[in-house]
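The next block holds one structure in the form of C-alpha cells; read it before the comments.
The values are calculated or read from the model by the stated rules, or taken from the named source; none is laboratory data. Note that the coordinates shown come from a computational prediction; the quantities given were computed from them, not determined experimentally. We place every Cβ from the backbone using ideal geometry, glycine too, and count neighbours over all the protein chains shown.
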Amino acid sequence: MEAGKRMDEHETCGHHGHAHDAHGPARTADLVARAERLAQDLGLQFTALRRRTLEVVAEEGRPLGAYDIAERLSVPGKRVAAVSVYRALDFLTEHGLVHRIASRNAFVPCEHGHGAGESAVFLICRSCGSVDETISDEIERSLDRTLAEAGFKPASRIVEIEGECGACQGRSEAG
Ligand SMILES: [Zn+2]
Ligand SMILES: [Zn+2]
C-alpha cells in the first residue's frame with residue numbers, strides 16, 4: 001500500500017551518517033502518528049501502555065531497557081510491571097516502530113519508515129553510547145542471498161556493529 005512512500009522517506013532522510021537532529025518531540029509525534037495509522041489499518045488496539053512505551057523510547061537519546069522503561073512509566077502508588085512493558089515492546093518491534101538492540105538488550109525508536117521485514121544496520125558507539133540506524137540496499141540484497149543459500153528463516157534482520165562514532169573519533173583526536 002504505502003511501499004512507494006516508504007521508499008521516498010528512505011531517500012530523503014539521508015540515511016548514511018545523518019546527524020542526530022531528528023530526536024525530540026517532533027519525532028515522537030511522528031512515531032505516535034505512524035503507530036496510530038498502523039494500528040487502525042490492521043484493526044489492532046494502540047493501547048495507552050503501548051503509546052506511553054513508544055513515547056518513552058522515542059524521547060530517550062540512547063537505547064533503553066524494559067526495566068528502565070517500566071521505571072519511567074511508574075508513578076507513586078501505581079507501578080508498571082516490566083512484563084507489561086515487554087508485551088508493549090513486542091507489539092512495537094513487531095511493527096517496526098522500535099528496534100531491539102540485542103547486544104544491549106535495549107530498545108531504540110525506528111529512525112526510518114521501514115517495515116518489520118526489512119533489515120537495518122545499527123552503528124553502536126562504545127564511547128558515547130549513541131546508536132545510529134542506517135539502511136543499505138546492498139546489505140539487504142546480500143543478506144537475502146545469504147539467507148536463501150543457508151535456507152535460513154530470519155526472525156529479525158538486524159545487523160549490529162560496535163565501534164566509535166565520528167564525533168567521538170573527533171574528540172579523541174583533538175585531545
Ligand atoms: Zn527502523
Ligand atoms: Zn560516540
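Among the residues making up region 43-96, those that are more than 15 Å from the chain's Cα centre (by Cα) and in a loop (DSSP other than H, G, I, E, B) are 43, 44, 45, 46, 47, 74, 76, 77, 79, 80, 81.
Here 59, 162, 138, 149 are screened, and the one residue that is of a type in the set (Asp, Glu) and closer than 24 Å to residue 28 by Cβ is 59. Only residues that are within 28 Å of residue 126 (Cβ to Cβ) and more than 16 Å from ligand 2 (Cβ to nearest atom): list them for region 148-175, please. Result: 154, 155, 156, 157, 158, 159. The residues of region 47-59 that are surrounded by fewer than 18 Cβ atoms within 10 Å (Cβ to Cβ) and free of Cβ contacts under 8 Å to residues at least 40 places away in the same chain, listed by number, are 48, 49, 51, 52, 59. For region 123-175, taking the residues that are in contact with a Leu (Cβ under 9 Å, 6 or more places away or on another chain), touching a residue at least 40 places away in the same chain (Cβ under 8 Å) and not in a strand (DSSP E or B), the one that is farthest from ligand 1 (Cβ to nearest atom) is identified as 165. If only one of 108, 98 is within 16 Å of ligand 2 (Cβ to nearest atom) and closer than 21 Å to residue 30 by Cβ, which one is it? Testing whether each residue is within 16 Å of ligand 2 (Cβ to nearest atom) and closer than 21 Å to residue 30 by Cβ leaves just 108. Filtered by the rule that a residue be within 9 Å of ligand 1 (Cβ to nearest atom) and at pLDDT 90 or above, region 85-109 gives 97, 98, 99, 108, 109.
Note on region 116-145: among residues that are among the small types (Gly, Ala, Ser) and under 11 Å from the mean Cα position of the chain (by Cα), the one that is modelled with the lowest pLDDT is 116.
Checked against the criterion of being within 15 Å of ligand 2 (Cβ to nearest atom) and surrounded by fewer than 18 Cβ atoms within 10 Å (Cβ to Cβ), region 120-127 has at least one qualifying residue. Just to check your reading of the model, which residue among 148, 155 is closer than 30 Å to residue 42 by Cβ, loosely packed, with under 13 Cβ neighbours inside 10 Å and modelled with pLDDT of 95 or more? Only one candidate qualifies: 148.
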